[in-house]
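Below is one structure, written out as structure tokens; comments come after it.
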Amino acid sequence: MVFDLGGGILPAAYPFALWEALIRHVPQLAEEKSVGVLPLRTAENNEGMLLPKRAKLVLRLPLALAARATALSGQQLDMAENTLQLGKGKLRPIQSYPTIHAQLVTGATDEVLFLNGINAQLSQMGIAAGLICGMRRTLACTQQSIHGYSLVIHGLKPEASLQLQYAGLGEGRQFGCGIFVPYKVISGLE
């Protein structure tokens, strides 16, 4: 579900406060483990994370929760020192892509162990694909921190792409972790 989003500057650890604001309005979101909040597209400046004018809030959720999530349409989300204004929510189906990316997937702290763990998860799901591990990342606030790596998964068949986008990998989907989105493919380079 996609909502237009208006606001100003957010702290770097905004995902924790954003999740709390969302479940204040729709507590049922917290009851479903598969619900995720895609990371917002922001630009960093001296004061924090700046939202662009065409910012969107995107929730990954089961269709059964869509009716409840529409209650977020037009709501104001109060997050400590920041306020976000949501527009009307619209359903947007997930489409398959051969290459997908997640900003942060939780797992082992060692890159080799992380990739071994991801390969094991993919094997359990019956998915064969290539992996490109990115930088180690941390998402932290005063109460908690989440560690992992950015990850690109490529060479996916359509069914596997949809399966990974629905299920995600790792923990922390409510904070934007383990949620995969299409990744631009550059082909023909040799």
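Quick rundown of the values:
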{"item": "Label zone at E159, where the point sits 7 Å out along the Cα-to-Cβ direction: the stretch 105-130 residues whose backbone N lies under 19 Å", "result": "121-130"}
{"item": "For the stretch 100-182, the Rg and Dmax computed from alpha carbons only, in angstrom", "result": "12.2, 40"}
{"item": "Sequence-distant lysines (8 or more away, or on other chains) whose Cα lies within less than 23 Å of K157", "result": "K184"}
{"item": "Helical mean residue ellipticity (222 nm; -39500 (n - 2.57) per DSSP H run of 4+; nearest 500) of the chain", "result": "-7000 deg cm²/dmol"}
{"item": "Acute angle (nearest 10 degrees) that the helix 158-167 long axis makes with the longest principal axis of the chain, alpha-carbon atoms", "result": "50"}
{"item": "Label-point separation, A128 to T70 (7 Å along Cα→Cβ), nm", "result": "4.3"}
{"item": "Kirkwood Rh, angstrom, the stretch 2-90 [1 / mean 1/r, Cα pairs]", "result": "13.2"}
{"item": "Net +/- balance of residues flanking C177 in space, Cβ distance below 10 Å, scoring K and R +1, D and E -1", "result": "+1"}
{"item": "Restricting the stretch 89-190 to trypsin sites (Lys or Arg not before Pro) in coil, as DSSP defines it, with at most 11 other Cβ within 10 Å", "result": "K184"}
{"item": "Total charge dipole magnitude, the stretch 100-182, about the Cα centre, Cβ charges on Lys, Arg, Asp, Glu only, Debye to nearest 20", "result": "120"}
{"item": "Neighbour-count order for Y183, Y97, fewest beta carbons within 10 angstrom listed first", "result": "Y183, Y97"}
{"item": "Calculated FRET value between E20 and T138, using beta carbons and R₀ = 22 Å, to 0.05", "result": "0.65"}
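Coordinate-derived values only; no laboratory data. All values derive from a computational prediction rather than experimental measurement. For neighbour counting, all protein chains shown are included, and Cβ atoms are generated from backbone atoms with ideal geometry for every residue, glycine included.
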